[in-house]
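Right, one structure below, let's go through it.
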């Protein structure tokens, strides 16, 4: 049996952050106004503005440049190529995806049952406690699968391009309030990359939320 790869701390942190942010997403959505999100960080008021056509064109231009860079870099491979390598070592990533999707379907079914039960039964009903425990176990298993999959595909071209896209778009659409006006937080992408991690993580999260809401 092949030895399973160790989970990188970067991949584990990414998934932990994703799970934590999912829990506060509902509350954050209340701040969305016309596809813009305003938030506070370190006593400064920020917002994620709706991307203009000029911003989208700039993003696509930089994504294309980044894609070509990744193609020339031997450290990165396409996901399908990585999957083939892992298959040879006895690791099937598609099986992980199918297992995660099955768990997600089960979780949604249970959540629907809980919603229906709450309409007709007391919160103290033992079945509700049982369902809640099952959801906790499903979330734990989903977490483990996500950590493993993110670790295995961390250096795929597709993943690196997605990370860059989120990062660069956040740089383009994040503004800070100065008096009555809004101004870009960063004057260059290099300045953005040098910014402390806390603000970056907060801005990326709200940018992702805004983008998702704007496309539903």
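Values in this text are rule-based calculations from the coordinates and carry no lab data. Quick caveat: nothing in here was measured; it's all calculated off a predicted structure. A quick note on method: Cβ atoms are made from the backbone with ideal geometry, for glycine too, and the neighbour counts reach across all protein chains shown.
What percentages make up the Cα-Cα pair-distance distribution of the range 33-161 when the bins are 5 Å wide from 0?
In order of increasing distance, the bins hold 2, 8, 11, 10, 10, 10, 16, 15, 9, 5, 3, 1, 0 percent.
Length gain on complete extension for the stretch residue 81 to residue 99, per 0.36 nm per residue less the alpha carbon to alpha carbon distance?
On the way: separation 18, 0.36 × 18 = 6.48 nm, distance 2.10 nm.
Length difference between fully extended and current span is 4.4 nm.
Can you pull the one-decimal nm distance between simple spin-label points at residue 45 and residue 113, each 7 Å off the Cα toward Cβ?
Here the answer is 4.8 nm between the modelled labels.
Cut-off is 10 Å between beta-carbons; in what order do 137, 196 appear when sorted fewest neighbours first?
Working: 137 12, 196 8.
So the ranking, lowest neighbour count to highest, is 196, 137.
Taking 22 Å as R0, compute the FRET efficiency from the Cβ-Cβ separation of residue 68 and residue 195 and round it to 0.05. Display every interim value, and only then the final one.
On the way: r = 26 Å, r/R0 = 1.19.
Efficiency computed from Cβ-Cβ geometry: 0.25.
First measure r as the distance between the Cβ atoms of residue 154 and residue 181, then evaluate 1/(1 + (r/R0)^6) with R0 = 41 Å and state the FRET efficiency to the nearest 0.05. Working shown, then result.
Values: r = 40 Å, r/R0 = 0.97.
After rounding to 0.05, the efficiency reads 0.55.
When a footprinting reagent is the concern and you count Cβ atoms within 10 Å, what order do 146, 129 take, fewest first? It would help to have the intermediate numbers written out before the result.
Values: 146 19, 129 11.
By the 10 Å Cβ count, ascending: 129, 146.
Could the peptides 202-208, 101-107, 77-83 be put in order, highest first, of the mean number of other beta-carbon atoms found within 10 Å of their residues? Could you put the intermediate results ahead of the total?
Details: 202-208: 21.3, 101-107: 13.3, 77-83: 15.1.
With the highest mean Cβ count within 10 Å placed first, the list reads 202-208, 77-83, 101-107.
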